[in-house]
């Protein structure tokens, strides 16, 4: 790893290029915002300006990738904090994925958002978001990381509420902001623990910044040897995981994503499927040595939160009727797989290499492609059906809009992991890995089962959605008159379809690219394991079974899904009510506990804090009321006072013997 | 030569008269006269000491002081003229703006 520092280092071409990857979209943001507001005629170019800006970011990211060298630039910020960029396979892969997918989605948005009068605001905000997200993945310091992390949270809030005049959208934006704020508080606490545990051990490092990514990666093994070091690392890891769970919508902080679907579909594709929600996974992968060297429970926590979320979100996806919410639960579920893959690596670091990061990020990137594809095709359907989101009002669309639904079909096959799409190479790898780790470590059994059932549920809800949308007869007037969207929206879908189909061939190359991250570590090397063939094909058999069951219920309608729903009455109601988690958070925690605490604090503030402040003011006021009578306004009285004062001084001076 | 103590006594008497004047008079003109008496008591004091020490600096200093007193009297009268235009009188009771 090459290290650059200071102004001289900043002016090196690779460092400048790395900075402009995320600075460019951020610089474009105010221009588009102001020009669009000032000149109405500029609005129609806003999309093109932003899209080309992000394309330049993608070119720069590709340039960094083509250098094929890791480097670290840092410069002093304040006290012992630094700012800079940290370039390694993880950040480069993420930067290329974010800028590439963002470029395609922006291109789609030129068509999708084209008629909105505020489209310059939309493009300015998505540009700011893309810049913020690229900043998240390139930051070399956790404080800088946190600032960009909050920036993307803000953009998420603004864009969910882009149609702010809809009350649902406004409240969904607030919900997303508040729920992720819970995670962010945990993240700040985690960073504080990291700061204090790394501060004593980094004196021999090139920089004295305890929160520098470089120091976290290279000195976690030293922290472990400190007294209670493993515990503090595990504590920091668990708290940071809380922040990651907030952003990546893991249980129990997953409740905001389904509501976030009130935003424009391109926003859902960009922020709540492909990029921002993966920031949490990236965060855990970024500071992986913390978990590797921590007490084992931190790794199990990562594993089981991921696996449980993968399963839980899958069950909720089964009963939704809103096409975007189905995809939202699917996103939560797939993010659970990524987190579980990371957790498997942390739990089993002794007998498999650290390259489970590569497996997780590979699934992340495949998921970004396929979920962007699914959301874009859902967006094209909404565009054609005038914002009808209920899948029961669709039907028969394959004949009406063949290109869109074919793209959706490819996305669905990739999502369930049907060979030979990319999803087969990414998701089945995680399930096989969990079985292998379970063979060595019986505690991982439930993770394997949850992930396996999760794969089955994925197939079921995906093809339930797909068959209902694509087959049968159109069930509404809008569905009868649907047609494919314009070319500017079709081209991104085609590119993403091709990527979803063929990205599997890059699997081994991707893993070996990632394994260079671990050179010199005790757990370097590639992940290699073997499991029995019948276990290896088990996910595929479940996929076939899932497609078959979905076909019976929603394709050929040989069995009625309503009867099954009625037959399992209370269970169905439980899932349909999202396990009452929203009810628990809103009606019990928020309205009972937090409101009560807030009232007590508010009374304390009103009567004690304000009382002190007002009391001081009242005393000063009364005093001045009494003494201002001395100001008669007659000059002679003042002269008399001066003489009196002089006399007093003289007398005191005489008594003290000054003269 | 007049003994120093006589001169200083006259200076002290002038100072007391002037001080009593500025604290008690009700008219602006009288106030200015009182101020002049005060200033000149100080001048007399300085001249007396300078003469006794045979130092001409003190006498020159008093000349400057007299010039400043003249200027100050001019300013004072200007204020009184302005006051007269406002209130048709120079009574000090009418100068009450400087208060709560």
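Take the residues in the stretch A:632-659 that are outside any helix (DSSP H, G or I) and within 11 Å of another protein chain (Cβ to nearest Cβ); name whichever of them is farthest from residue B:27 (Cα to Cα). Walk me through it before giving the result.
First pass over the stretch A:632-659, keeping only residues outside any helix (DSSP H, G or I): A:632-634, A:657-659.
Subset that is within 11 Å of another protein chain (Cβ to nearest Cβ): A:632-634.
Working: A:632: 18, A:633: 16, A:634: 12 Å.
Among them, the one singled out is A:632.
In the stretch A:189-214, which residues are in a helix (DSSP H, G or I), in contact (Cβ under 8 Å) with a residue 12 or more places away in the chain and within 24 Å of the chain's Cα centre (by Cα)?
If the condition is that a residue be in a helix (DSSP H, G or I), in contact (Cβ under 8 Å) with a residue 12 or more places away in the chain and within 24 Å of the chain's Cα centre (by Cα), then A:189, A:190, A:191, A:193, A:194, A:195, A:213, A:214 are the ones that fit.
Condition check: within 12 Å of chain A (Cβ to nearest Cβ), exposed (fewer than 12 other Cβ atoms within 10 Å of the Cβ), modelled with pLDDT under 90 and more than 20 Å from the chain's Cα centre (by Cα). Does residue B:26 satisfy that?
When the stated conditions are applied, residue B:26 does not pass them.
On the given criteria, is residue B:13 surrounded by 13 or more Cβ atoms within 10 Å (Cβ to Cβ) and closer than 30 Å to residue B:93 by Cβ?
Working: surrounded by 13 or more Cβ atoms within 10 Å (Cβ to Cβ): no; closer than 30 Å to residue B:93 by Cβ: yes.
Judged against the criteria, residue B:13 is not a match.
Is it the case that residue A:455 is farther than 30 Å from residue A:65 by Cβ, assigned to a helix (DSSP H, G or I), in contact with a helix residue (DSSP H, G or I) (Cβ under 6 Å, 6 or more places away or on another chain) and at pLDDT 85 or above? I'd like the intermediate steps shown before the answer.
Working: farther than 30 Å from residue A:65 by Cβ: yes; assigned to a helix (DSSP H, G or I): yes; in contact with a helix residue (DSSP H, G or I) (Cβ under 6 Å, 6 or more places away or on another chain): yes; at pLDDT 85 or above: yes.
Taking the combined requirement at face value, the residue satisfies it.
So, in the stretch A:467-500, how many residues would count as being surrounded by fewer than 20 Cβ atoms within 10 Å (Cβ to Cβ) and under 23 Å from residue A:364 (Cα atoms)?
Residues flagged as surrounded by fewer than 20 Cβ atoms within 10 Å (Cβ to Cβ) and under 23 Å from residue A:364 (Cα atoms) within the stretch A:467-500 amount to 4.
Given the criteria at pLDDT below 90, away from every other protein chain (no Cβ under 12 Å), more than 30 Å from residue B:29 (Cβ to Cβ) and part of a loop (DSSP other than H, G, I, E, B), does residue A:595 qualify?
Criteria not met by residue A:595.
Each row is one residue, and each column tells you yes or no for (1) within 20 Å of residue A:640 (Cα to Cα); (2) touching a helix residue (DSSP H, G or I) at 6+ places or on another chain (Cβ under 6 Å); (3) in contact (Cβ under 8 Å) with a residue 40 or more places away in the chain.
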residue: B:1; (1), (2), (3): no, no, no
residue: B:7; (1), (2), (3): no, yes, yes
residue: B:13; (1), (2), (3): yes, no, no
residue: B:39; (1), (2), (3): yes, yes, no
residue: B:45; (1), (2), (3): no, yes, no
residue: B:54; (1), (2), (3): no, no, no
residue: B:74; (1), (2), (3): no, no, no
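Criterion first (touching a helix residue (DSSP H, G or I) at 6+ places or on another chain (Cβ under 8 Å) and outside any loop (DSSP other than H, G, I, E, B)) does residue A:539 satisfy it?
Taking the combined requirement at face value, the residue satisfies it.
So, residue B:95, is that one within 14 Å of chain A (Cβ to nearest Cβ), closer than 19 Å to residue A:637 by Cα and touching a helix residue (DSSP H, G or I) at 6+ places or on another chain (Cβ under 6 Å) or not?
no
Which of the residues spanning the stretch A:1-16 are closer than 20 Å to residue A:77 by Cα and assigned to a helix (DSSP H, G or I)?
A:6, A:7, A:8, A:9, A:10, A:15, A:16
Of everything in the stretch A:622-631 that's surrounded by 10 or more Cβ atoms within 10 Å (Cβ to Cβ) and either more than 11 Å from chain B (Cβ to nearest Cβ) or touching a strand residue (DSSP E or B) at 6+ places or on another chain (Cβ under 8 Å) (or both), which residue is nearest to residue B:27 (Cα to Cα)?
Restricting to residues being surrounded by 10 or more Cβ atoms within 10 Å (Cβ to Cβ) and either more than 11 Å from chain B (Cβ to nearest Cβ) or touching a strand residue (DSSP E or B) at 6+ places or on another chain (Cβ under 8 Å) (or both), the top hit is A:623.
Any residue at all in the stretch A:72-81 that's closer than 26 Å to residue A:268 by Cα and out of contact with any helix residue (DSSP H, G or I) (no Cβ under 6 Å at 6 or more places or on another chain)?
Within the stretch A:72-81, not a single residue is closer than 26 Å to residue A:268 by Cα and out of contact with any helix residue (DSSP H, G or I) (no Cβ under 6 Å at 6 or more places or on another chain).
The values are calculated or read from the model by the stated rules, or taken from the named source; none is laboratory data. Since we're looking at a predicted model, the values are computed, not measured. Cβ: placed from backbone, ideal geometry, glycine included. Neighbour counts: every protein chain shown.
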